[in-house]
Amino acid sequence: MASQAQPDLHPSGPAHGARHVAIIMDGNGRWAKKRLLPRIAGHRAGVQAVRRVARAARELGLECLTLYAFSSENWKRPAHEVADLMALLRHFIQSDLDEFHANDVRLRVIGNYQVLDPSLVTLIEGAVSRTAGNSGPIVAIALNYGAQDELVRVAQALAQKAVDRVIAPDRIGIEDIDRALYTADLPPLDLLIRTSGEQRLSNFMLWQAAYAELYFTETLWPDFDETMLAQALDAFRLRDRRFGGL
Ligand code: FPP
């Protein structure tokens, strides 16, 4: 299905002013437990919430929505849960790619996804390249992502450039690090949301969050929806961002 240019709903930018929102989607397991259901039922309901917020991204005028789907530490979970999450991800791309494309969304992945099952890597890369020419919001899925791992990779890449004498060590600056991150071509992170009442970053976008506003909600991820995303953006609009200035 060919994507169609969609009307610009926010020609002079949305009132909330946020370009890039990231979400730590937490609480799927607790959502399932409260209902005496297996954890996979919570993850399945979590996918529905992913659909809701991905659909809302354009309406809300976001340029980029980044979703933490699988961390580099999530491999510690039981093998069957890891397999369930990978199967959900595979099914999600297969079932929703046409809709993403029709809605002009650009699908992206951040993290070391290349180590995943080769057929999943092929599926991901096909989805990313199919939607690359779209002009709507970016939906970036963080997969096998860990911020410390990301920063180690940046350090290695810059050290190699120094060894190759492409860059002098004492000339390495903030922009060099920005350019070497998975998020190099994404807008700066404005708002980081975490659901389920936990108040920590859990190795997510540590560098990018330097001046992001943080928003924590007790809502469990499967109960999160477009209205709650709009509420978070309302709260963001009222924040006084000084970036270290006055
Ligand atoms: C945290 O809940 C959630 C995850 C580790 C995975 C998030 C995955 C999804 C929302 C579904 C798959 C995503 C896509 C994009 C298809 P938890 O299991 O840690 O919950 P708990 O803390 O209550 O146990």
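The values are calculated or read from the model by the stated rules, or taken from the named source; none is laboratory data. Because the structure is a prediction, the values reported are computed rather than measured. Every residue, glycine among them, receives a Cβ derived from its backbone with ideal geometry; neighbour counts consider all protein chains shown.
Just one of 67, 62 is touching a residue at least 12 places away in the same chain (Cβ under 8 Å), outside any helix (DSSP H, G or I) and within 9 Å of the ligand (Cβ to nearest atom); which is it? Result: 67 is the single residue among 67, 62 that is touching a residue at least 12 places away in the same chain (Cβ under 8 Å), outside any helix (DSSP H, G or I) and within 9 Å of the ligand (Cβ to nearest atom).
Per-residue answers, yes or no, for (1) touching a helix residue (DSSP H, G or I) at 6+ places or on another chain (Cβ under 8 Å); (2) within 16 Å of the ligand (Cβ to nearest atom); (3) among the aromatic types (Phe, Trp, Tyr):
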position: 207; (1), (2), (3): yes, no, yes
position: 211; (1), (2), (3): no, no, yes
position: 214; (1), (2), (3): no, no, no
position: 217; (1), (2), (3): yes, yes, no
position: 223; (1), (2), (3): yes, yes, no
position: 229; (1), (2), (3): yes, yes, no
position: 232; (1), (2), (3): no, no, no
position: 238; (1), (2), (3): no, no, no
position: 243; (1), (2), (3): yes, no, yes
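Exactly one residue out of 181, 189 is at pLDDT 95 or above and over 22 Å from residue 115 (Cβ atoms): that is 189. Exactly one residue among 53, 21, 47 is in contact with a Ser or Thr (Cβ under 8 Å, 6 or more places away or on another chain), surrounded by 13 or more Cβ atoms within 10 Å (Cβ to Cβ) and not in a loop (DSSP other than H, G, I, E, B), and that residue is 21. Can you work out which of the residues in region 199-234 that are part of a helix (DSSP H, G or I) and touching a strand residue (DSSP E or B) at 6+ places or on another chain (Cβ under 6 Å) is nearest to residue 42 (Cα to Cα)? By that ranking, first place goes to 232. Take the residues in region 1-32 that are modelled with pLDDT of 95 or more and more than 16 Å from the ligand (Cβ to nearest atom); name whichever of them is nearest to the chain's Cα centre (by Cα). The selected residue is 20.
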